[in-house]
Structure formats: C-alpha cells, structure tokens
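The values are calculated or read from the model by the stated rules, or taken from the named source; none is laboratory data. Nothing here was measured: the structure is a model prediction, and the numbers come from that model. Methodologically, a virtual Cβ is constructed for each residue, glycine included, from the backbone with ideal geometry; neighbour enumeration extends over all protein chains shown. SASA here: full protein model, heavy atoms, side chains in, ligands and nucleic acids out. Shrake-Rupley method; radii C 1.70, N 1.55, O 1.52, S 1.80 Å.
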Amino acid sequence: MNEMTPLPRPERQRKPDWIRVKAPTSVGFAETKAMMRRLNLNTVCEEAACPNIGECWTKKHATVMILGDTCTRACAFCNVKTGMPRAVDALEPQHTADAAAELGLEHIVITSVDRDDLPDGGASQFVKVIQALRRTTPKTTIEILTPDFRNKAQAAVESIVEARPDVYNHNLETVPRLYPTIRPGARYYASLRLLESVKRHDPSIFTKSGVMVGLGEERLEVHQVMDDMRSADIDFLTMGQYLQPTPRHAKVLDFVTPQAFDAYAAIARAKGFLLVAASPLTRSSYHAGDDFAALRAAREAKLARA
C-alpha cells in the first residue's frame, strides 16, 4: 500500500430488520430538542445515541442527564464523551424541574455521567434535582439512574434515598466475566451491593437494573445475573440488545432474536421479578412511565395475595 492509497474504512455491522428504526423528523421531536437546548440540559437520549429517541421525543419524553456531558470513565459500550468535566451547573436542578413542568411529565427519568472527580460522586446534585422536582411538579414520579459512586457509595446512597425517589435504577450492564473489557472502571459486586443497600435503607423504593446482551455473554451467565439481582431484592429487570455506537467501541458479537428475549423474560419472571422488560430495543428509560404504573400495580397485587 503506497502513501496515496486511502486506508480502508472500518465496516459497520448490518442490523437485522427487528432493530432498525426510522430517523426522527416529527414536530414533537424538534420541540423537545429546542427546549433542552434553551434550558441548557443534556440528555442521555442524545449522548448515548439511543435508537428510541425519535419515538420518545415525539411523545415529549426525554431522559435528562445531569452533571454535564463529559464522563470520567471510558466504558467500551458507551457513546458519552470522556474527559475532565466542567464545574457542576447550579441551575441544572431547577432547569430539570422546569423541563418536567413544560413537558407535562407524569414520570421523569434522571441519569448522569460518572463524576469520579467530585467528593460525593455527584450524589448531592441528584438530591437537589429530586428536591426541585418535588417543589415544582409534585405529582411527577421520579426515577433516577445513578452511576456506582465508586468508593463513595454508602454515603451517596444514604443521601439520595433520604430524598425519596420513586425508583432507584443502577445498571449492571453485563455479566461479571466481561467487566474487565466492557466496564473496566466498575466492579460487578459493588454495583450489586449498591442496589441491595437502597432496599436496606428504604424497602418502599422500587429498585431496577438492566443488562445488555450481544457482547459475548453465555445464556447461563445471564441467568446467574438474574439470580444475583433477585438476591439483592431488585424489583425490575430490563434487557436490551447492545448496539455498537461507533467502530471504536466494543463490537456486537450476536444479534439476539426477539424470541430469545421472550425466553429470557419468561425465565426472569419465574425467578420472581415484579416486572421484566426484555426486547431488542429495550433501554433503561424506554416506556419508563408506563412501566412504573405496571410496577406499582404488580406490587399491590403481590401484597394483596400475601
């Protein structure tokens, strides 16, 4: 190959028909995007290149990503940029509450980047956002999706649980064997203990966790993750297909069929989860409002049977 020969472009994997989604073009999508820019808010929908952004934003559903748009970690599956984040925005909690009010949200999901640079990992910003939402839109139910607060989890969980979100979500993401390559900055059992501690501090808060498939995990490994989650008393399991954001990220090793997702869901329900959402396009906050209503109904039905 001489100097003038262009380097070959890395091949993008062709997605099966059940994964393809239409590009977002609706008026509702444009309005949601404009509002987020006006309030200087980031969303995981954009930063993580979520395939459901068109559907969700058309319905005026967006997942706010607090603590900036720059993560202190570099997970092999995630499209959020890595680097040294900027200072925490003091206006972000109220702007988030204003967005919930403007969108008329009955249920909101709040997530964040990892902020290993902050003494509390960013936990106090979650608390301030919850408090701002309770003041501004008191009827909106609140779901948070937090990082693992590495080496700060106990104090972080205690402060957030005291603010009383309705759902506490933290994703395990993959099976323990794949952590060194897929989620190198995290520890599987530390994440499990975090979720377990939420329940220990306040059993009334729903707990939720998710995994991606298609990264080379074995079926029995996924079943073991389900068992570990149930041992930590996790209420709600989400499962979705991993999609490679760019050629630099971990490759998709398998496109899991909808039928295989159905089988995983049946096994998970048999293991005792209150709710299971499992499909190729399932993501942590996809249909979160409807799922919260189903989760609450499932708990009430379980208590009635008891």
query = Near Asp202, within a Cβ-to-Cβ distance under 15 Å, what is the net charge of the other residues, with Lys and Arg +1 and Asp and Glu -1?
reply = -2
Helical mean residue ellipticity (222 nm; -39500 (n - 2.57) per DSSP H run of 4+; nearest 500) of the chain = -12000 deg cm²/dmol
task = Provide the net charge surrounding Arg269, with neighbours chosen by a C-beta distance below 13 Å and charges set as Lys +1, Arg +1, Asp -1, Glu -1.
result = +1
ask   = Give me the log10 of I(q) over I(0) for the chain at q = 0.08, 0.10 Å⁻¹, as the Debye formula computes it from C-alpha points; what are the numbers?
value = -0.34, -0.54
request  = Could you please put Cys71, Cys78 in sequence from largest to smallest accessible area, using a 1.4 Å probe?
outcome  = Cys78, Cys71
note = Whole-percent carbon and sulfur contribution to the accessible surface of the chain (1.4 Å, no ligands, DNA or RNA) stands at 54
message = Once you order the gyration tensor axes a ≥ b ≥ c over the Cα atoms, which shape class does the range 209-288 get: rounded for a/c under 1.5, otherwise prolate or oblate by comparing a/b with b/c?
response = prolate
task = Mind checking the per residue accessible area of the range 104-189 for me, 1.4 Å probe, whole number of Å²?
result = 41
query = Given Lys152/Lys199; Lys139/Lys302; Lys208/Lys302; Lys15/Lys251; Lys208/Lys271, which pairs have Cα atoms separated by over 20 Å?
reply = Lys139/Lys302
request  = Working with all protein chains in place, sort Glu143, Glu106 by solvent-accessible area computed with a 1.4 Å probe, largest first.
outcome  = Glu106, Glu143
request  = Compute the Cα gyration tensor for the range 148-306, then decide on rounded, prolate or oblate, letting a ≥ b ≥ c be the square roots of its eigenvalues: rounded whenever a/c is under 1.5, prolate when a/b is larger than b/c in the other cases, and oblate in all that remain.
outcome  = oblate
query = So how far, in whole Å, is the C-alpha centre of the range 61-115 from the one of the range 202-225?
reply = 23
request  = Could you tell me which of rounded, prolate or oblate describes the range 265-306, using a ≥ b ≥ c as the square roots of the eigenvalues of the alpha-carbon gyration tensor, with rounded for a/c under 1.5 and, failing that, prolate when a/b is larger than b/c and oblate otherwise?
outcome  = oblate
ask   = Are there trypsin sites (Lys or Arg not before Pro) in the range 72-107 that DSSP marks as loop and that have at most 10 other Cβ atoms within 10 Å, and which are they?
value = Arg86
task = First select every other residue whose beta carbon is under 15 angstrom from the beta carbon of Met239; then total the charges, Lys and Arg +1, Asp and Glu -1.
result = -4
task = About the Cα centre of the range 64-200, how large is the charge dipole given +1 on each Lys and Arg Cβ and -1 on each Asp and Glu Cβ? Please answer in debye to the nearest 20.
result = 420
query = Treating the beta-carbon of each Lys and Arg as +1 and of each Asp and Glu as -1, no other charges, what is the dipole magnitude of the chain about its Cα centre, to the nearest 20 debye?
reply = 220
query = Heavy-atom accessible area of Leu178 with all protein chains present, probe 1.4 Å, nearest 10 Å²?
reply = 20
